[in-house]
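Remarks on the structure that follows.
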Amino acid sequence: MTTTTPVPSRKRLTPEHLPPGYFAFVMGTGILSIGASQRGWDGLARALLVLAGVGLVLLVVLNAWRILAYRNALKRDLHDSAQAFLVFTFVAAVNVVATALAGFGALGVAAVLLAIGAVSWLILGYSIPWAAVLGRSVRPVTAAANGTWFIWVVASQSVAVLAATLEPRLTAARSGLSILAVFAWSVGLVLYAAVAILVVYRMLAFRLGPEDFTPPYWVSMGALAITIVAGSRIVEMQSTPMVDAVRGLVAGVAVVLWCFATWLIPALVAAGIWRHRVKRVPLVYDPTWWSIVFPLGMYAVAGMYLGRADALPIVAWIGEQWIWVGLLAWTVTTVAMVWSWFFGGRGHGVDPGRDHGVDPGQDHRGGVHRGPGQRGPDRSSLDHPGMPGLET
């Protein structure tokens, strides 16, 4: 009797495990395009905008494929409190690209994208929190609260930024755009306060190890920065009843938020040093790195817009210089991403545990939510690096 060794079959290239937050690549690239345009670097701004546009189209196609062919994988994401809010990166990506296009005069395309972004924001703004938080039977859900929840705020403010950008140019829709801009800005501001309370409560009430300080915590600063940009754009809008009612309030709040965002940066840097240098968590490329690039670029843009809107030269100067930090972060992350595609090894991009029948009610470390003082397995909540979720 002879035996033969079965030859493993090669799987198809699929987006089954595509991280829902990969639209952050578009967000980071698009905001740096806007920042470069503000500095007068039109060539660089156009190149980054092309990359962001191509990335947006590619990711939309891959996610549409995933929705049609891998609904169970999508369902797991939507019911995972630690992952679901990453879906809002789609809304922010659409609006950031549209804002950059508006800066180059493509107002018609930007208006269409605003409609897509605003409708998506409204639909996801009710459905995602219900599926990931309110509709869950597992308690306490706050055990999974993390930096990704702030992307809900970013999505809201991205609608406000785009509406405020188009308002002076689309005179026929000026009244409606002013209402939308102020409405989305106000909702985003209140959401930031609510999310911040939940995330801080999680940090105080539950064990928080170095593996939990993931890059999306930088979105806490990025959400403030985009709120500042939206506020600055509202201050510069043409006179309408809605804008006139809040102009002074928005101008003052934007300055306060800029100060707090500036204060947050050293704390976030210190958390990263503690995570990687002190606690020795390996520094390996992960798609969530783009959650650092976007806030850095947005902080630069926030400084430039706020400095102009409120006549604050020092703030504008800081924003103009900070754009170099954003571009450096974008370059490092892009190189690391491309390197991981070719040298990241097989099997990367898969969420550990999802192929082993993990219940969606479990937390992002693979176990049930635990109360204060109860320890769980020290597994990283990060998706593994590699091609953007394409499983081979």
message = At a 10 angstrom cut-off on C-beta neighbours, averaged per residue, how do the peptides 50-57, 193-200 rank from highest to lowest?
response = 50-57, 193-200
Full-extension gain in nm, ARG46 to TRP324, via 0.36 nm per residue minus C-alpha separation = 98.4 nm
query = Using only Cα atoms, what Kirkwood radius does the range 186-240 have, in angstroms?
reply = 13.2 Å
request  = Could you rank the peptides 168-176, 226-234 by their average count of other C-beta atoms within 10 Å per residue, with the highest value first?
outcome  = 226-234, 168-176
ask   = Rolling a 1.4 angstrom probe over the protein heavy atoms, how many square angstrom per residue are accessible across the range 238-298?
value = 51 Å²
remark   = The answer for the range 26-132, accessible area per residue at 1.4 Å probe in Å², is 40 Å²
task = Quote the accessible area belonging to SER37 in square angstrom, nearest 10, computed with a 1.4 Å probe and with ligands, DNA and RNA left uncounted.
result = 40 Å²
ask   = How much net charge surrounds ALA300 when only the other residues with a Cβ under 14 Å from the Cβ of ALA300 are counted, with Lys and Arg +1 and Asp and Glu -1?
value = +1
request  = Rounded to the nearest 0.05, what FRET efficiency do SER186 and TRP130 give with R0 = 25 Å and r taken as the Cβ-Cβ distance? Could you check?
outcome  = 0.70
query = What nm value, rounded to one decimal, do you get for the distance between SER239 and PHE343 when each label is placed 7 Å out toward the C-beta?
reply = 6.2 nm
request  = With an 8 Å cut-off on Cα pairs and a minimum separation of 6 or more residues, tell me the relative contact order of the range 24-101 in percent.
outcome  = 45 percent
inquiry  = If I take R0 = 51 Å and measure r between the Cβ atoms of VAL119 and TYR201 in this structure, what FRET efficiency does the formula 1/(1 + (r/R0)^6) give, to the nearest 0.05?
reply    = 0.95
ask   = What residues qualify as long-range amide H neighbours of THR14, i.e. H under 5 Å apart, gap of 5 or more or another chain, H built at 1.01 Å from N?
value = GLU391
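The values are calculated or read from the model by the stated rules, or taken from the named source; none is laboratory data. Because the structure is predicted, anything quoted here is derived from the model rather than measured. When we count neighbours, we look across all protein chains shown, and the Cβ atoms used for this are built from the backbone with ideal geometry, even at glycine. For accessibility, only protein heavy atoms count, side chains too; no ligands or nucleic acids. Shrake-Rupley method; radii C 1.70, N 1.55, O 1.52, S 1.80 Å.
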